[in-house]
Each structure stands twice: as C-alpha cells, then as structure tokens.
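Reviewing the structure listed below.
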Amino acid sequence: MRAVIYARYSSDLQRAASIEDQIEVCRRYAAERGWTIIRTYADAAISGASRFRPAFQNLLADAGRKLFDIVLCEAVDRLGRRLADTADLQDRLSFHGVKLFTPSLGEVTQIHVAVMGMMAQMALKDLGEKTRRGQLGRVLKGKSPGGLAYGYRVAAGDDGRGGREIDPGEADTVRRIFREFAAGASPDAIAKRLNKESISGPGGRPWSNTTLRGQADRGTGLLNNSLYRGVLEWNRCSYVKDPRTGRRIARPNPQESWEVQAVPHLRIIDESLWNTAKARQEAMRATLKRPDTSNALNELHRARFLLSGLMRCGCCGGGYTIIGKDRYGCAARRQKGTCDNTRTISRQEIEARVLDGLKERLLAPDLVAEFIKTMQDELAALRRERKAEDARRTRKRAEIDRKISGMMRAIEDGLYEPSMKDRLKALQNERKALDVDDGETAEAELTILSHPNLPELYRRKVEQLEAVLEGPDRAEAIDLIRSMIARIDLRPREGAKGLDAILHGDLAAILAACAGAAQKENAPDLAVTGRQLSVVAGAGFNGWHKRAFGIPARLLVSGEFEDAEQFAA
C-alpha cells in the first residue's frame, strides 16, 4: 500500500522538531503494517484554523491524481481545527478511494471526524477566548497585549508579559515624523527622506507612506498610534477569517467596546503636536472626500481596471499601480523611493498589449496540440476506469436484485417480519444509488478540454471581450480576462525606451474560458458542465497541469511598448 504522511504545527512558538516527531511516529506505524511511505507533506508554523495551507493543498491535489492509497497523520487535529475542513477532506479522500489513518485511532471514520473535529474546533475557540482574556489582563496593567511598536523596546527585566520602555533612537525618529507631518510634509515625502538617509523602519524594513498613514478608523499606521501620546488602546478591531480565502479580515469595533488605559511613562509625543497632526489628517480626508477633487485617492481606489493588482515591477518586485490619470508606475519608487525604475506605461497601452498576447501567443499551435494529445490520453484512461466501474456496478446490482427477490418470495410465503421493511428499503436505496452516474461529468469535462476548435473559440471570445470592456457588462468581462492571468512583470528595456512585459498565465484556465465561450455560442458538439476547472483544481503555475502534462507553465510575452508587433514567445 502506498502511504503519505501529513504533519503540521501551529506557530513559531512551537518546536520545529515537532514535525520530525510526528513523521517518526507515523513512519513506525506504517512500518508495522508493511506500508510504503512515498512522500511527506509538512506545514510548519501554520494554523490549522484555515485549510489554505500549501502542503495541505498539495496533498488534496495529489489525492485527486491517485498517487497514494493512504494518508497518515499523528492526530485528526493536525489536518485541521475546523470540523467543516476535516469533514470535507475525508469526503474528498473517500471519493478518490484514499483511506485516512492515525496511530491512535486506526482508520478514521465519519464518526471519528465528527467527534474529533468538533473537539478540535471547540478547543480552538476556547484558546481564542483565553488569549483575549490574557490580553485584556495585560492592558489593564498598562502592558502591551501584542507586538513591539516602533519607538519602544522590551522593558529591562521583563518576563515576556508585555512590559515596554521607550527606545531613545527610534523615539527621535517618531518625533521627527510627527513634526514634519504637522508642518505640511506628505507621508510620501517623509518616507522617501527616511529611506534616503538609511533610517530603518519597523522590523528593519524600508519606510512607505502606508507605514505612516495607515488607516485611522483601525488605529493602524505610525501617525495613528495613540501609544505615542501615552494612551494604550486595545480592541479597536475584531478579526475574522474569510472561509472562501482563509484571509484574516479586520472589522473596526464601536468606540464603546475599546479598552483604554493611560500609560504616561510611554509618552513620546506631547499633546499639542499630536493634536496638530490629527487636525491635518482630518483636513486631508475632508479634501479627498470633496466631489470637485479630481485626483482623490478614494476615487482611484474605486476604479476597477483590467490589470489592477496583477502587475509587478521587474526590478524590485513591488506593485505597478496607478500613479496618475490612467498611468501605471512602480509603487515602491513612488511610496518609498527604494527603486530606480522610472518607466511608466499608460493603462490603455498595457491592456492592449496583454490582450494581443493572450490572443496570439498563449495558444501557440504546438502548445495546444501537446495539451490536447495529453488530454485525450487522460480521457482514454478515464474511459478504461469507467468500464471497470460499470462492471462492478452491474455485479452489485445483480447481487442486490437477488436479495430483494429473496425477501419478496419470503413475504409471499408468509414469513414477514417487521425488520424486513427497513432492510428492504435500505436495499432499494442502495440499488438506486448505483444508478447515479457520477463519472459522466468528469468525462464531459475532459471532452471539452480536448476539443480541437478551442484555440479559435478562445480567440473569438477575447475579441468579443475587448469590445465589451467599455460597455455595461464591463465587470463580467474583466473577471473572465483576469482569471487567465496570474501576474505581469514589467521591466525597463535595456538600451531603449519603454518596458518589456512578462505575462504569466494559466493555460488550463484559458481553455476553460474557451469552453465557456463555446457554451454561449451553443456549439452542438461541446457539452459544458458547471465544473470545468475541476480537473486542475488547486493547481498553480507549477501545479498539477505542469506535472501531469509536461507543459511550460509560464508563457512569455515580451517586447518594446513602442512597437505593438514585437512579441517573442
């Protein structure tokens, strides 16, 4: 039997050796049963409260490829702390014919998942409540409930319970920032000056305007930290995880739920300077909210452009963001002054070039031909599996029909018992379940992705999307195109003006979009399902489709922006 091991520990405060200990326990258990360990999956210092863990997601993807027969872990709560996540995992493994084992429980059943998953989730909630109670106790004693804020250091002789004292060097920088801001300097200008003078920011990182201004309603950002005026504020925000993405979302709490404690020994900024800085912040926000303000930040944030958030600077790795009307530039250079990339590009120019790249390069004939051939091979394998499964179902149906016939003859002969009614109903339900064809969907999906006309369907769809981008259905068109792009790296072209673009795209997503186009065009020979991406679910650019098909996951589109025809694959 082919087995894999999954191990996890939650935080940096735990021992990294915990992973090794878990793996060793599982290895010994597997050796006793003669199983072959073919791989281990490990998530270090990652909470089990989210299923969005790299190794965990890789395990799910490999289970779908039927690379192993058994998943072995030290305990059920290593797989996840939420009942819904562990139940979903067992459902997926069961669907793929993979069994789940732990050394203490043996084979994990649905009852184990229900009981142990519920206990793990309750333990997680209880831990959260105890953590909050401990943080409240620190606040009431005038100690920090969280991390170390810039301008402070751990108090001498503190036992790790939140004691803080002023760091003289960092405190001087804090006073300088407040004075310059109150005098009219922008967060951008202050951050760039500090970086130019090689003054390290929080955590030794470069300064940025967001480090300084933050978000006033949440109390984030150096200019909003009330600790500098000798007031400790806690519980300004609540944090919840989005179940769809696993990301933690901050939600501001009403002011009456805040915990406020005076800590005069930690004051760095006098009250007059604090009030002056706050008054300037209010004035800036009022200006940005004016309807006649042509360059208001909130207007820029509301704009939803085709490539927003997808572009990266090829020099520093920072984002390429809107820096003026319809023009993109390096955010690190603009906000921090730490990048030398001065090249900018208009929104219309980069969008046109990317759309042209999607049409002309991402579906090169040889690449699509290789993909289609591999998909056809996969389809043939699926059909062989279906044939074997159909034979098994036929045998099982015949067996159930014999049992039902036997019970009916017994009833006709007068041998009826009350328990026979429930047994007969169970057999009928089992017989009905065998008639449900759950393999048809997967075969239809592979048929879609191997259709020879997909490249042309895709090109026509992208041409239609270009026309729709400025129409009433703009949002839907943007979502579809963005789903085909992972990121775009922009680099200054050596010895010439303009920028080179490196486009990273997911061929599987593009082909799925083609299938959607075929559906809207009512192509008679394309059966489209609602699960077109399931064959590559969870795959990234070094993910399942690359390993399975040997297809280059990164497709390049580069050229000087002055010449729209210069693209090199």
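The values are calculated or read from the model by the stated rules, or taken from the named source; none is laboratory data. Treat the numbers as computed from the prediction; the structure is a model and nothing was measured. Cβ placement follows ideal geometry from the backbone for every residue including glycine, while neighbour counts extend to all protein chains displayed. With ligands, DNA and RNA removed, areas are computed over all heavy atoms of the protein, side chains included. Shrake-Rupley method; radii C 1.70, N 1.55, O 1.52, S 1.80 Å.
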### Message
Please go through (1) modelled with pLDDT of 85 or more; (2) in a loop (DSSP other than H, G, I, E, B) for residue 395 and return the number of the only condition it doesn't satisfy.
### Response
(2)
### Task
Mind listing whichever residues of segment 59-89 are without any contact (Cβ under 8 Å) to a residue 60 or more places away in the chain, closer than 25 Å to residue 240 by Cα, of a type outside the set (A, V, I, L, M) and assigned to a helix (DSSP H, G or I)?
77, 85, 86, 88
#### Entry: Test result for residue 56, open to solvent by less than 30 Å² (accessible area, probe 1.4 Å), of a type outside the set (A, V, I, L, M) and not in a helix (DSSP H, G or I)
no
### Message
With the structure loaded, tell me whether residue 208 is under 22 Å from residue 277 (Cα atoms) and surrounded by 16 or more Cβ atoms within 10 Å (Cβ to Cβ) or whether it fails that test.
### Response
yes
### Query
For segment 91-203, which fully contained helices (runs of 4 or more DSSP H) count at least 2 residues that are within 28 Å of residue 215 (Cβ to Cβ), small (Gly, Ala, Ser) and modelled with pLDDT under 85?
110-140
### Task
Among the residues of segment 261-274, count how many are open to solvent by 80 Å² or more (accessible area, probe 1.4 Å) and more than 15 Å from residue 176 (Cα to Cα).
2
### Query
Given 367, 355, which one is in a helix (DSSP H, G or I), open to solvent by less than 50 Å² (accessible area, probe 1.4 Å), modelled with pLDDT under 70 and not aromatic (Phe, Trp, Tyr)?
367
### Query
Looking at residue 102, is it in contact with a helix residue (DSSP H, G or I) (Cβ under 9 Å, 6 or more places away or on another chain), polar (S, T, N, Q), farther than 26 Å from residue 260 by Cβ and surrounded by fewer than 14 Cβ atoms within 10 Å (Cβ to Cβ)?
no
### Query
For segment 1-21, what are the residues that are surrounded by 22 or more Cβ atoms within 10 Å (Cβ to Cβ) and modelled with pLDDT of 90 or more?
3, 4, 5, 6, 7
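One line per residue, one yes/no per condition, for (1) of a type outside the set (A, V, I, L, M, F, W, C); (2) open to solvent by less than 60 Å² (accessible area, probe 1.4 Å):
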position	(1), (2)
313	no, yes
328	yes, yes
345	no, yes
349	yes, no
### Enumeration of residues in segment 281-326 that are modelled with pLDDT of 90 or more and over 27 Å from the mean Cα position of the chain (by Cα)
none
